[in-house]
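**Student:** One structure, pasted below without further comment.
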Amino acid sequence: MHRVVLLRRGGDAVEARELADDGTTVGVTSVAAGELPAFVAGREAEPVRWVWDDTTRWYPALLDAGVRVERCTDLRLSHAVLRRSPFADPALLAGDDAAGWDALAPVFAADQALFPLEDPADRLDPVAEHARQRAAVDAATHPGRLELLLAAESSGALVAAEMTHAGLPWRTDVHERILTELVGPRPAAGLRPPVLERLVGEIRESFRAPGLNPDSPGELLRALQGAGLQVEDTRSWNLQQLDHPGIPALLEYKKLARLLAAHGWSWLETWVREGRFRSFFVPGGVVTGRWASNGGGALSVPAQIRPAAIADDGWRFVVADVAQLEPRVLAGMSGDAAMAEAARAADLYQGMVDSGAVNTRAEAKIGMLSAMYGGTRGEGGRMMPRLTRRYPRAIGLVEDAARAGERGEVVHTLLGRGSPVPTGAWAERAVALGEAPEERDSRAERERRAWGRFTRNFVVQGTGAEWTLCWLADLRNRLWRLGSGPLAERPHLVFFLHDEVVVHTPEHLSDDVAAEVRHAAATAGRLLFGGFPVDFPLDVAVVGSWADAG
DNA sequence: CCGACCGGCGCC
DNA sequence: AAAGGGCGCCGGTCGG
């Protein structure tokens, strides 16, 4: 087993507190702030788990000093999970500074000092919080699952910091070439590039609206209606349906203006430095347990500019994504043998067709998406009775989650992440008055249904996030073992996007990386679903540019 | 003047 | 009767 060392800031020094298995303190060492990287690196020679208030407050500086750690407990993220988990007793987390832990936010400063002057984290006691969390897990209804979730969440925090540290290789010259080919050379500040300028002229002329700013939805809507078009908003999808000679230029303008605003030259200047796109990944940033990002729109890098993500000379990207993660997770967590059978195929939707459950792949896909999102309209809704007969446990699980949400109840993922308690007026009245359906007004009823769709999706999206956390955690350690030397010289993760990872690796190791990515996926499946036979096949590509994957 | 919000759209 | 989940981020707009 590993040792447990809790780090806390104190003045100019760090207190390193060695903890026994039962949480009692075995010894305390004071480490000068400047000596911390060497201290941590020295202790990493033997298995150790670091306990600290918040990975974003400790790990970036260690990485900058060239120190990688194998495992940690992130008290901030663990607290957030435990306080909402139906598996745990919230009373066991109560303490004077519980509100402080509730409110503790991650830090994103690119060049943060190790010890910022005024940090709310410094008013919290990590020793006491660690003891409370241990007690809460020990007393939980499913301690093993929660333990796994907290370990995976904490490991994700390490991955996130390492990905920010490494950055995604990004070629400014390639990106600029893409921009220039699409819109012409970069204009002076405040002006539109030539292609957009030309399109604005065409749009103003077509709709007889001199001075129109097409970036203003209000102005644009009035101009369209003034031209006699029946339209209620300015969404591209709706504009596409219209028959008017000005529409193609308008759609082209919207597409290019969007790219320029979100991922144009100013994006490059802000987010790409020294050949790397650096943004902050935010583990646990979404209520379901998915990651969010901070800065640069990292989770929505459009396909248009992905050709600029190019591996270094002598290096390659290994890009891997899970085919149909969420329906596979649903099969596993519900123990639905028929759906797991369909999931044995590389293409789960084709598996559903081959087993005779549905007629076409398109039906399978739209039906499953409807089941997981709560769609009831159109073809997806019509598929539901058939899917329910064929996959009663899988469909039953999401239906139950929807009904529970509509009753104002909390639902949870496989490992115990709980959904938020609803706060809308509908939920309070339902509890207080026990209203019958016919007594509810239609707005409250819409909100109730919307919350049911949220809880329906929560259990699947959230358990999917748990699968990917386990995948990332295992992959991270496998990649470390493939190489030698500092993190940046070994194969390492550089990007993560819900069900897809990008590994930057020396070329000669790319096949090994591809194998490890698959092994890690198999490990994640076993961790979550034990022996239940549900497969998680990956699409894996070894490429020079991210754009060449998939 | 600045912050909050909105319409719209990129990703999964 | 109607009924699609989760994000981040842009420019525009509006209210304090």
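The values are calculated or read from the model by the stated rules, or taken from the named source; none is laboratory data. Remember, it's a predicted structure, so these values are computed and weren't measured experimentally. All Cβ positions, even for glycine, are placed from backbone atoms using ideal geometry, and neighbour counts span all protein chains on display. All accessible areas refer to the heavy atoms of the entire protein, side chains included, with ligands and DNA or RNA removed. Shrake-Rupley method; radii C 1.70, N 1.55, O 1.52, S 1.80 Å.
**Student:** Using a 7 Å offset from the Cα along the Cα-to-Cβ direction at both A:Arg273 and A:Met1, what is the distance between the two label points in nm, to one decimal?
**Tutor:** 4.2
**Student:** What does the accessible area of A:Ser279 come to, in Å² to the nearest 10, when a probe of 1.4 Å is used?
**Tutor:** Here the accessible area works out near 0 Å².
**Student:** Taking all pairs of different Cα atoms in the range A:327-456, averaging 1/r and flipping that mean, what Kirkwood radius in angstroms comes out?
**Tutor:** Result for the range A:327-456 stands at 15.6 Å.
**Student:** To the nearest 10 square angstrom, what accessible area does A:Thr56 show with a 1.4 Å probe?
**Tutor:** For A:Thr56, solvent-accessible area is about 30 Å².
**Student:** For the range A:367-406, what class follows from the C-alpha gyration tensor (a ≥ b ≥ c being the square roots of its eigenvalues): rounded when a/c is under 1.5, otherwise prolate if a/b is larger than b/c, else oblate?
**Tutor:** oblate
**Student:** Find out how many positive minus negative residues lie around A:Ser236, taking Lys and Arg as positive, Asp and Glu as negative, among other residues whose Cβ is under 13 Å from that of A:Ser236.
**Tutor:** Summing Lys/Arg as +1 and Asp/Glu as -1 gives +2.
**Student:** With just the Cα atoms defining each centre, how far is the range A:151-218 from the range A:1-46? Give it in Å.
**Tutor:** Cα centroid of the range A:151-218 versus Cα centroid of the range A:1-46: 46 Å apart.
**Student:** Which whole-Hz couplings ³J(HN,Hα) result when phi for each residue of the range A:217-232 is put into the Karplus expression 6.51 cos²θ - 1.76 cosθ + 1.60, θ = phi - 60°, listed in order with x for Gly and Pro?
**Tutor:** Karplus-based 3J(HN,Hα) across the range A:217-232 equals x, x, 4, 5, 4, 5, 5, 5, 5, x, 8, x, 8, 7, 8, 10 Hz.
**Student:** Using a 1.4 Å probe on the protein heavy atoms only, what accessible surface does A:Thr376 show? Give it in Å² to the nearest 10.
**Tutor:** The accessible area comes out at roughly 110 Å².
**Student:** What share of all Cα pairs of the range A:172-269, in percent, falls into each consecutive 10 Å distance bin?
**Tutor:** Per 10 Å bin, starting at zero, the Cα-Cα P(r) for the range A:172-269 comes out as 15, 47, 27, 10, 1 percent.
**Student:** Then there's this: Which value at 222 nm does chain A reach when only helices count, each DSSP H run of 4 or more adding -39,500 (n - 2.57), with the total divided by all residues and rounded to the nearest 500 deg cm²/dmol?
**Tutor:** -15500 deg cm²/dmol
**Student:** Of the accessible area of chain A, with the probe set at 1.4 angstrom, what percent is carbon plus sulfur?
**Tutor:** Values: 12540 of 24600 Å².
Of the solvent-accessible surface of chain A, carbon and sulfur hold 51 percent.
**Student:** Quote the Stokes-Einstein diffusion coefficient, in whole µm² s⁻¹, for the range A:1-166, based on the Kirkwood radius over alpha carbon pairs, a temperature of 25 °C and a viscosity of 0.890 mPa s.
**Tutor:** Details: Rh = 16.2 Å.
Value of D from the Cα-based Kirkwood radius: 152 µm²/s.
**Student:** For A:Glu219, A:Glu269, give the ranking by accessible area with the largest first, probe 1.4 Å.
**Tutor:** Listed by decreasing accessible area, they come as A:Glu269, A:Glu219.
**Student:** A further question follows. Leaving ligands, DNA and RNA out of it, rank A:Phe532, A:Phe495 by accessible area with a 1.4 Å probe, largest first.
**Tutor:** A:Phe532, A:Phe495
**Student:** Additional query: If A:Ile305, A:Ile178 are ordered by their accessible area, calculated over protein heavy atoms with a 1.4 Å probe, which sequence runs from highest to lowest?
**Tutor:** Order by accessible area, largest first: A:Ile178, A:Ile305.
**Student:** Please state the Cα pair-distance histogram of chain A with 20 angstrom bins from zero: what percent is in each bin?
**Tutor:** Per 20 Å bin, starting at zero, the Cα-Cα P(r) for chain A comes out as 18, 47, 32, 3 percent.
**Student:** Still on this structure, I have one more. Can you give the accessible area per residue of the range A:1-166, in Å², using a 1.4 Å probe?
**Tutor:** 44
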